[in-house]
Amino acid sequence: MIVKGPLTSISLAILAVVTSAAPTSPLNARDASSSNGTSNNGLTDKVSWDGYSIYINNEPLTLLSGEFHYYRLPSPDLWTDIMQKYKALGFNGASFYFNWGYHSPKRGVYDFEGVRDVQKALDAAKASGIHVISRPGPYINAEVDCGGFPSWLMNIQSTTRQNSPEYEAAWSEWLTAIDKKYLVPNQITEGGPIIMQQVENEYSSNVSKEYMQAIIDKYKKDGIVVPTSFNEINNHSQNFINGTGAVDLYGWDNYPAGFDCSHPSKWGTDAIKTYREQHMKVNPDKPQALYEFQGGSFDPWGGPGYDNCRTMVNEKYAKIYYKNNLAQGVRIQSLYMGYGGTSWGGLATPSVYTSYDYGAPISEPGLMTPKGYEHKIQATFVHTLTKDITATTPFDVDGDNDALVYNGLQSVHSDTQFIIVQHNKSDSDNRDEFTVPINTKDGSFTLPRNSTLVLNGRDAKILVADYDFESQHLVYSTSEIFTHQSLGKMDVIVVYAYEGEDGEFALKAANGSAKATDGDITTSSADGVLQINYKHPNGTMPIEVTGAGDKDLLLLVAGYNSATRWWAPEVSARERVLIQGPYLVRDAKVSGSTLSFTGDIDATTDILVVAPDNVRSFRWNNKSVKLQKQSNGIWKGTLTFDKPNIQITDLSKATWKYKAGSPETAPDFDDSTWMVADHQDTNATVAPETKPVLYADDYGFHTGNLWFRGTFKGSSDITGLNVTAYSGDGSAWVAWLNGKYLGGYDVGSQVFKDLDLTDDDNVLSLLLWTTGHEEDGTKDDRFKSPRGFTKVETLGSNTTISWKVQGNLGGEDLADPVRGAYNEGGLYGEREGWHLPGFDDGDWESATIPDDKNRTGVSWFRTTFKADVPKGYDAPLGLTFEDKSEQRYRALVFVNGWQLGRYANDLGPQKTYYLPEGIVNVNNGENTLAVAVIPLDESSQIGTLSLEPYLVLESGKPNVGLVDSPKYSKRK
Ligand code: IPT
């Protein structure tokens, strides 16, 4: 039955009675049925589901998605680059959190221009064939400032993330802005990439069902018709499966390795083996979904760094945990993150520093990683066998080794079986041999028959048996499958295992034979089964099989490293070509007799290509390349890497200018234009101990550095000052009295004694280096925690202090709406535009970097630099600090006016900051670099700064245009 148009509740009720959705129990009252027996939400049948998976346009699929935050890559053309890499690594989906605070600096103001161009981000996904799970919150968490709430929301009275008219009015404003113009028109029903829309985020304890329902109702009212989804924390409370606030496609989040990257070989928990059981208990009629599954980890200020996170959540973790998800029946998996990016400006919440690399499959500068390659291998396997692996039922497998777990999956569409084997204890480093019994149409066997099957340390394997592919019938393989394809007169299959491991590959073949021209194999035939034995080589060994299927079979046996460099881009729906060697293959197409493919190489690379028969010539990144066809049908050749002449300014030889930047410390500084801080009440969740309230957000200043100046009459009764600063992790503050340095501290309390007071006005200048606002994961309005001072009092006498406060120029009325709400704070130089290109620093002093002087107070350094990366190359740039300074200091890095780094030499761990192309002109144009240095100790000396590419690639990346970076013009 095809359901068209909106359904009334009566017609829905009828549907519920008259339809029966195979293979599951009766529909939820509000579900409808699609033509192919799947269920849908009654609003569209373009996305439907059964008890196994979702269907898109009536095609079942395993959704392998990765989280992507466009706001963590402020260069829109690079969104296309990253989405191409997603596709190449086997992702067929991306999950986008939309960040309310990033678009709304002020109540009623919504900005979707430039780096905020959501349409462009969705277009990038669509162009690469990536399905999007849209997650507009309103709350998102995501290690962003206020968990994605706009800062102005700190001033609403109601508790957020609950049902309240005041909060609802605020979030409705956001959803109206993003839904109507962007999310609704980009749904799959409108030809766009969006296939689901999530409601709230990990809304799992202390919940208001009415609030969830109100968001769902709002989506519907706005015109969202794709299924709603929800990510429960772990699988605990099972809210929102049924009843008020229930979504269409409920699922879970899970981060089994935890977030402590300082012990990278320690994994928090075993691969959870109870997902399926839990799922069958609570939500058996719907696909099993993991809307966030650990793809890396965040890292805190002072943490061990992202290399450690990448080691913890590495390719072995991917083998074990992602295969376990398959074993458990998970058919919607979204890795958090697929690409992490950069929490530039003030985007981060205090728990993280600027880089949000996350140890993700694609690194911060957009590079490939071992886990990215592993994802490609697994995903290509899943997509190749999608029909058989997407809908499966479990069966017991009686393996012989108790140290291992065996999960059997039987395809519901064919006889194909999958046996997934892993260690009982996920982080076991043991070498374990094992055997597995299988029953196939061609006989019952104990695998392997004449060799050894092993899990050598952290590994998991998927064995496939009884599988029809192309014109062949696979009886079983102890090597894992990457992909297969029929290409002209032959079938091709690529299988792999770690180098040196045995492999056994058995085909149904009445009269089959196999030969390897380059490598040792043994074959035997019995009972109509041809068995081929080999060791996995370094590289890839071709084996030619005849007499099995209708066509000859080219069996390509790869060692693991070689397998990581096999690519299988689709040239048309379900038709792949096979290319081995390159660092990255982005896409391929056949036109006439030419196969054109694009991608990236980091060195001269020998390649293998297996293409349709009619292909005679090849083009790589639009240049013709000569390949030779071998007798086995494989084309061989070399992609030559011509080392480019990349010129980048040596910053140690650049002309640097210096200017002191904290006149606010001087007692006679004119703060008459500053805002008076005289509030007696606050909406913050931390009560002030002294008045007036010294919380910057209460005065409309939300980001970065903040200044507070307090003036009080001196008297001999005053014996000291007691000051308590309140801000997030990694924050710091510095105090000056009458221009004299008092000290620099982490947040908390300090008592200052032996003060040098005058009888007249005394001025206490306080500079607070903030690291953003808290999130609200706990739903207790924690994001309303203040940034400022909870207490400032004189000791010995109760003296009145009158206060002024200063933050970013314009407060919520941004001075620089192009770079947006999180780009600049309240440093004098920021307010004056010293960070901007085109600012005239002609009258500044000359300086050197590394500096040769100790400087007190805030120091600004400016220079220009050039980078010349020839067309056709990618050389993502990093700016590295190297310090010998014992003195503690903080620094802000601005490139062409964009704040791309917050450096803390006293905390670490980050030393290298990614400067994305587009923000940086890499075509020999002039770039402005400004660094603001804030000593926490009395003085400091900035060390070496250097600019270097993370890697140089010959690259087929899309053209990257320059991001609009307005130049200096007189401010105020
Ligand atoms: C989960 C959040 O949903 C996500 O936004 C992000 O913060 C992630 O954690 C950690 O990077 S919350 C879960 C781990 C309790």
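The values are calculated or read from the model by the stated rules, or taken from the named source; none is laboratory data. All of these numbers come straight from a predicted model, not from anything done at the bench. Positions of Cβ are generated from backbone atoms using ideal geometry, with glycine treated the same way; all protein chains shown enter the neighbour counts. The area values use the complete protein model at the heavy-atom level, side chains included, leaving out ligands, DNA and RNA. Shrake-Rupley method; radii C 1.70, N 1.55, O 1.52, S 1.80 Å.
Please list, by residue number, every one of the chymotrypsin sites (Phe, Trp or Tyr not before Pro) in segment 393-498 that is coil in DSSP and has at most 16 other beta-carbon atoms within 10 Å. Hits after loop and neighbour filter: TYR498.
Summary value for segment 60-387: 20 percent relative contact order, contacts being C-alpha pairs under 8 angstrom separated by 6+ residues.
Among residues other than ASP459 whose Cβ falls under 9 Å from its Cβ, what is the net charge (Lys/Arg +1, Asp/Glu -1)? Combined, the nearby Lys, Arg, Asp and Glu give +4.
Taking the average, over residues, of other Cβ atoms within 10 Å as the packing measure, peptides 682-691, 899-908, 636-645 rank 899-908, 682-691, 636-645 from highest down.
A full extension of the chain between SER716 and ASN141 corresponds to an added length of 202.0 nm, given 0.36 nm per residue minus the alpha carbon distance.
Mean projection of the Cα convex hull over all viewing directions, computed for segment 821-870: 5.7 nm².
For segment 327-367, chymotrypsin sites (Phe, Trp or Tyr not before Pro) meeting the loop criterion (DSSP other than H, G, I, E, B) and having at most 11 other Cβ atoms within 10 Å: none.
Distance between the pseudo-spin-label points of ILE646 and ARG619 (7 Å out from Cα toward the beta carbon): 2.7 nm. Here is the list for segment 475-575: trypsin sites (Lys or Arg not before Pro) lying in DSSP coil, each with at most 11 other C-beta atoms within 10 angstrom of its C-beta, are LYS489, ARG574. Helix 165-178 and the longest principal axis of the Cα set of the chain meet at an angle near 60°.
One decimal place: the segment ASN511-ASP681 gains 52.3 nm when fully extended, by the rule 0.36 nm per residue minus the C-alpha distance. Axis angle, to the nearest 10 degrees, between helix 76-88 and the longest C-alpha principal axis of the chain: 30 degrees. Extending 7 Å from the Cα toward the beta-carbon at both THR311 and THR638 defines two label points whose distance is 3.6 nm. Probe radius 1.4 Å, ligands and nucleic acids ignored: give me the carbon and sulfur share of the accessible area of segment 391-568 as a rounded percent. Ligands and nucleic acids excluded, carbon and sulfur reach 41 percent.
Extension gain, ASP761 to ASN58: 0.36 nm times the residue separation minus the Cα-Cα distance gives 245.4 nm. Under a model in which nothing but the beta-carbon of Lys, Arg (+1) and Asp, Glu (-1) is charged, the chain shows a dipole of about 2040 debye around its Cα centre.
Its residues counted as N, segment 60-387 yields a C-alpha radius of gyration over 2.2 N^0.38 Å of 0.93. Computed over every Cα-Cα pair of segment 473-541 and binned at 10 Å starting from 0, the pair-distance distribution P(r) comes out as 19, 53, 27, 1 percent.
Averaging the Cα positions of each part gives two centres, and for segment 438-491 and segment 528-567 these lie 11 Å apart. Between LYS281 and LYS791, the distance separating the two model label sites (each 7 Å from Cα on the Cα→Cβ line) works out to 4.8 nm. With a Cα cut-off of under 16 Å and a minimum spacing of 8 residues unless on different chains, the lysine pairs in segment 391-568 number 6.
In order along segment 703-715, the phi-based Karplus estimate (6.51 cos²θ - 1.76 cosθ + 1.60, θ = phi - 60°) of 3J(HN,Hα) comes to 10, x, 6, 10, 10, 10, 10, x, 10, 8, 6, x, 7 Hz; Gly and Pro are listed as x. Helical content of the chain, expressed as a calculated mean residue ellipticity at 222 nm, amounts to -3500 deg cm²/dmol (DSSP H runs of 4 or more residues, -39,500 (n - 2.57) each, divided by residue number, nearest 500).
For segment 642-652, putting each phi into the Karplus relation 6.51 cos²θ - 1.76 cosθ + 1.60 with θ = phi - 60° gives couplings of 8, 4, x, 8, 9, 9, 10, 3, 7, 5, 6 Hz, in residue order, rounded to whole numbers and with x for Gly and Pro.
The Rg/Rh ratio for the chain is 1.01, where Rg is the radius of gyration of the alpha carbons and Rh is the Kirkwood radius.
In the chain, Cα pairs under 8 Å separated by at least six residues give a relative contact order of 10 percent. With a Förster radius of 22 Å applied to the beta-carbon distance between LYS180 and ASP217, the computed FRET efficiency rounds to 0.90. To the nearest ten degrees, helix 209-222 and the longest principal axis of the Cα atoms of the chain are 80 degrees apart. Its relative contact order, with pairs defined as Cα atoms under 8 Å and 6+ residues apart, puts segment 391-568 at 16 percent.
Past 29 Å, Cα to Cα, is the threshold; run LYS120/LYS376; LYS181/LYS281; LYS220/LYS376; LYS323/LYS957 against it and keep the listed order.
LYS181/LYS281; LYS220/LYS376; LYS323/LYS957
Using the Cα coordinates of segment 334-429, the gyration tensor eigenvalues translate into equivalent-ellipsoid semi-axes of 36, 18, 12 Å, sorted from longest to shortest.
Legend: P(r) of segment 658-710 from all alpha carbon pair distances, 10 Å bins from 0, whole percents, reading 20, 47, 26, 6, 0.
Please give the FRET efficiency for ASN959 paired with ALA603, using the beta carbon to beta carbon distance and R0 = 22 Å, rounded to the nearest 0.05.
So the FRET efficiency works out to roughly 0.35.
Projecting the Cα atoms of PHE789, THR665, VAL763 onto the charge dipole of segment 663-806, computed from C-beta unit charges around the Cα centre, puts PHE789 farthest toward the positive end. Segment 76-148 to segment 570-633: how many Å between their Cα centroids? Each part reduced to its Cα centre gives a spacing of 32 Å. Of all aspartates and glutamates in the structure, the ones whose alpha carbon falls short of 19 Å from that of LYS753, not counting any fewer than 8 places away in one chain, are ASP717, ASP761, GLU793, ASP937, GLU938. Can you spot the aspartates and glutamates whose alpha carbon is less than 16 Å from LYS636's alpha carbon? Ignore those fewer than 8 places along the same chain. Qualifying aspartates and glutamates at Cα under 16 Å: ASP518, ASP606, ASP613. Spatial offset of segment 846-885 relative to segment 806-823 amounts to 25 Å, using the alpha carbon center of each. Computed from point charges on the beta carbon alone (+1 for Lys and Arg, -1 for Asp and Glu), the dipole magnitude for segment 60-387 about its Cα centre is near 800 Debye. Placing +1 on the Cβ of every Lys and Arg and -1 on the Cβ of every Asp and Glu, with nothing else charged, gives segment 391-568 a dipole about its Cα centre of roughly 340 debye.
Mean projection of the Cα convex hull over all viewing directions, computed for segment 391-568: 9.9 nm².
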